[in-house]
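Report on one structure; see the data block that follows.
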Amino acid sequence: MNSEPNHNSPLTLSVTAEDAGERLDVFLAAHIEGWSRARLHRLIEAADVLVNGSVSKPSHKLRPNDHIEIDLTPTPSTSFAPEDIPVYVVYEDDDLVVVNKPAGMVVHPAAGVDSGTLANALAFHFQRLSSTGGAARPGIVHRLDKGTSGLLVVAKTEAAHEHLADQFRDREVFKSYVALVHGQVEKEGGEIDQPIARDPRNRTRMAVVRGGRPSLSIYKIRRRFERFTLLDVELRTGRTHQIRVHLAWLKYPVVGDEVYGAGRDKTVINPVIRSRIAKLGRQFLHAEQLGFSHPRTERKMAFTSPLPKELQALVDEI
């Protein structure tokens, strides 16, 4: 059945057995009313279409149960241009770069964000990057929220991009985050196996929703405090805002999360800590560990990024 685009939130589609083997652009043209195949082709090349959370080519052959998310929001009107913005390189070779993204930086241009992104910075500092994601997403294989800091892998070649995207799609990439949450988590560790989808009451948010996409987060306690808990959270799936949604569903929202925190930051009793949280300007969520197979050599690679100074200072204060 064809879908009517909603410009206020991404459109999501699931691939049935009948559509398996179809090209991505052909599938979208058949399922989205009012959009030509050529227009959708450009949307795919601009990385505004994700298949199982990863960018793909228009010729990508779909498989049963593939999940497709299409951002039909108008893209920025200005031309993409390299910008001399610092890039914090953790590792680099001929095939890829691993960078440490600071909080407050958007990964790539989108509606309302024309410049100052990681993509603008990458285009300035590296002569060659994969063009698979389109001109405004050079080398971008995966993303982090604006308010989340930490590790990202960037592809230099198309072959590396495709190989890395396959690893993300097949859940072969190790991703572990550090999160400070409100409250004392009772169990030493556990799984949060709850489906996530757009919040039916607020389409700008995600939520645990029956019938949503399967989502699995695994957590363990790193350190306990009187009114907070420091967690290690491993992502087994890569849904939008997954950690923030899952922890809020458990009633332990991430500190500094204005979207899913339900005002918990303002209830902190200690005025010094409450003030420090208010000045963070971000959620306490950091992509600390990233592991994958090298796209050319198949060698296992693992990287670690220490907590940013502002997050470590909050822990020390607590």
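The values are calculated or read from the model by the stated rules, or taken from the named source; none is laboratory data. Just so it is clear, the model here is predicted, and its values are computed rather than measured. Neighbour counts are summed over all protein chains in view; Cβ atoms, including those assigned to glycine, are modelled from backbone coordinates with ideal geometry. In case anyone asks, the SASA skips ligands and DNA or RNA and just uses the protein heavy atoms, side chains included. Shrake-Rupley method; radii C 1.70, N 1.55, O 1.52, S 1.80 Å.
The residues on offer are A47, A121, and the sole one that is open to solvent by less than 10 Å² (accessible area, probe 1.4 Å) and over 27 Å from T12 (Cα atoms) is A121. Considering only residues that are free of Cβ contacts under 8 Å to residues at least 40 places away in the same chain and of a type outside the set (A, V, I, L, M, F, W, C), look in the range 94-124 and name the one that is nearest to G291 (Cα to Cα). Applying the filter and picking the extreme gives T117.
Only one entry of R63, R42 meets the criterion of being open to solvent by 30 Å² or more (accessible area, probe 1.4 Å) and part of a helix (DSSP H, G or I), and that entry is R42. If you go through the range 50-60 and keep only what is open to solvent by less than 20 Å² (accessible area, probe 1.4 Å) and of a type in the set (S, T, N, Q), you end up with S54, S56.
Might you check whether a residue that is closer than 24 Å to S54 by Cα and modelled with pLDDT under 95 occurs anywhere in the range 279-289? No.
Considering the range 160-219, the qualifying strands (runs of 3 or more DSSP E), each wholly inside and each with 1 or more residues that are among the basic types (K, R) and touching a strand residue (DSSP E or B) at 6+ places or on another chain (Cβ under 9 Å), run over 174-182, 196-199, 202-208. Pairing residues of the range 27-49 that are touching a residue at least 12 places away in the same chain (Cβ under 8 Å) and of a type in the set (D, E) with residues that are assigned to a loop (DSSP other than H, G, I, E, B) and open to solvent by 30 Å² or more (accessible area, probe 1.4 Å), at Cβ distances under 6 Å and at least 6 apart in sequence or on separate chains, gives E33/N2; E33/E4; D48/D71.
Scanning the range 273-295 for residues that are farther than 15 Å from L180 by Cα and out of contact with any helix residue (DSSP H, G or I) (no Cβ under 7 Å at 6 or more places or on another chain) yields a total of 6.
Restricting attention to the range 161-188 and to residues that are touching a helix residue (DSSP H, G or I) at 6+ places or on another chain (Cβ under 9 Å) and either among the aromatic types (F, W, Y) or at positive phi (or both), the residue that is surrounded by the most Cβ atoms within 10 Å (Cβ to Cβ) turns out to be Y177.
Pairs are defined by a Cβ separation below 9 Å, a sequence spacing of at least 6 or placement on different chains, a first member in the range 225-249 that is without any contact (Cβ under 8 Å) to a residue 24 or more places away in the chain, and a second member that is assigned to a strand (DSSP E or B) and open to solvent by 40 Å² or more (accessible area, probe 1.4 Å); the pairs so defined are A248/V208.
Assess whether A136 counts as being surrounded by fewer than 18 Cβ atoms within 10 Å (Cβ to Cβ) and not in a strand (DSSP E or B). Walk me through it before giving the result.
Values: surrounded by fewer than 18 Cβ atoms within 10 Å (Cβ to Cβ): no; not in a strand (DSSP E or B): yes.
The answer is no for A136.
For D84, the conditions (1) touching a helix residue (DSSP H, G or I) at 6+ places or on another chain (Cβ under 9 Å); (2) charged (D, E, K, R); (3) not in a loop (DSSP other than H, G, I, E, B) are fulfilled apart from (3).
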